[in-house]
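Comments concern the structure below.
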Amino acid sequence: MAQNISLWGASYSNVPSVLLPKTGGGTAQFDDTTITSNAASASDILSGKYAYVNGTLIEGTGSGGGTPTIDSLTVTPTTSQQTFNSASVDGYKPVVVNAMPSGSASAPSSISGTSATVSTGTNTLTLTKTVSVTPVVSAGYVASGTATNSSVSLTASVTTQAAQTIHPSSSNQTISSGRYLTGTQTINAVTTTNLTADNIKSGVVVQVGDASDSDCVTSVTGTYSGGGGTSNNAQVVQGTTRTTATSLTAVGSELTVSKSGKYDIYWSAMRSNTSSSYTWGTRLYIDGTAYGTENTSWSNHVQNNHLTNVTLSANQKLRVYARGRGGNYYAYAPMLAIVEV
């Protein structure tokens, strides 16, 4: 800025700079660098650069950068071209906004299979094309719909089968072909209760299921050898062995149960005399294990035994053991019998 100065006794007003001759030739110019407001500081000057501020040399520390300020600008397109100069946008070249096209949309002259309509009020072009739809349907059950450009209407092409339960029968049962199953198909299991070997005549084979192959439900070979008719199963065995042992030993009355069930068991014994000097007795064993208690009661020479409602299984072995007085005094067990309850 200009200053009023006094040089060699003369006064000068509004001098911005002074140009003085140098002793070696040439001139040196001295400008007024006084700044009264908003003087730059080191941070305002790029790092590595130098400047004089109010006569003082300052080394810059600033990093530079910054973003130019753009005034708020709203552009509304019109049908005429618009230009905005630097007075509206700081530091930028003029901005040009091209004009919008004027007029209305028009339908194309020809599009195969397509019709067109134009709405001049909104400049909207609408194209409509008729489409021929040929449905392609996989095999199986088909639901319904509508036969338009976007969907197809088809009716059910197969017979449906709702949920059902099939009971085993002596004749074959089938589900007809071509049916679409809409529910669960349940085939009841075969009941084989009481289908046991001891309920079937010995040697007879009973099969449940498909007897034409090996994949039947079950196959049972009978073992029952009792009598027929409606009478209960009964088995009797006559023994001949006698013993003089004073402890319980086998006496030859033994049988194998042919059918599982509940039985009354009978056995009898005899002794050669009625002497009470020693204990005489009998006892029943099932599969080698003593059952019940030893009976030491006698009516003179005879003892009859009876157990009721005893559960026995097929193929179990029953045997009567007895003991005598010793010497020539024998105990006999001639008979063992079971009768189904």
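Any read-out appearing in this document is the output of simple, stated calculations on the displayed coordinates, not a laboratory observation. Because the structure is predicted, anything quoted here is derived from the model rather than measured. Cβ: placed from backbone, ideal geometry, glycine included. Neighbour counts: every protein chain shown.
Between residue 32 and residue 10, the FRET efficiency from the beta-carbon distance, with R0 = 25 Å, is close to 0.90.
Listed by chain and number, the lysines whose alpha-carbon sits under 26 Å from that of residue 317, ignoring those within fewer than 8 places in the same chain, are 201, 259, 262. Here the Karplus relation 6.51 cos²θ - 1.76 cosθ + 1.60, evaluated at θ = phi - 60°, turns the backbone of the range 48-60 into coupling constants of x, 10, 10, 7, 8, 10, 6, x, 10, 6, 10, 8, x Hz, with x for every Gly and Pro. Here residue 22 is the anchor, and no lysines lie within straight C-alpha reach of less than 23 Å, apart from those fewer than 8 places off in the same chain. Taking Lys and Arg as +1 and Asp and Glu as -1, the other residues whose beta-carbon sits under 12 Å from that of residue 224 total 0.
Modelled spin labels at residue 126 and residue 247, positioned 7 Å past Cα toward Cβ, are 11.6 nm from each other. Close amide-amide hydrogen proximity is noted between residue 341 and 262, 263, 264, each under 5 Å apart and 5 or more residues distant or on a separate chain (H modeled in the peptide plane; Pro and chain starts excluded). Say a paramagnetic label sat at a point 7 Å from the Cα of residue 274, along Cα to Cβ; which residues of the range 326-340 have their backbone N under 18 Å from it? Answer for this model: 329-332. A Förster radius of 51 Å, combined with the Cβ-Cβ distance separating residue 23 from residue 100, puts the computed FRET efficiency at roughly 0.10. Per-residue Cβ neighbour counts within 10 Å put 280, 298 in the sequence 298, 280, beginning with the fewest.
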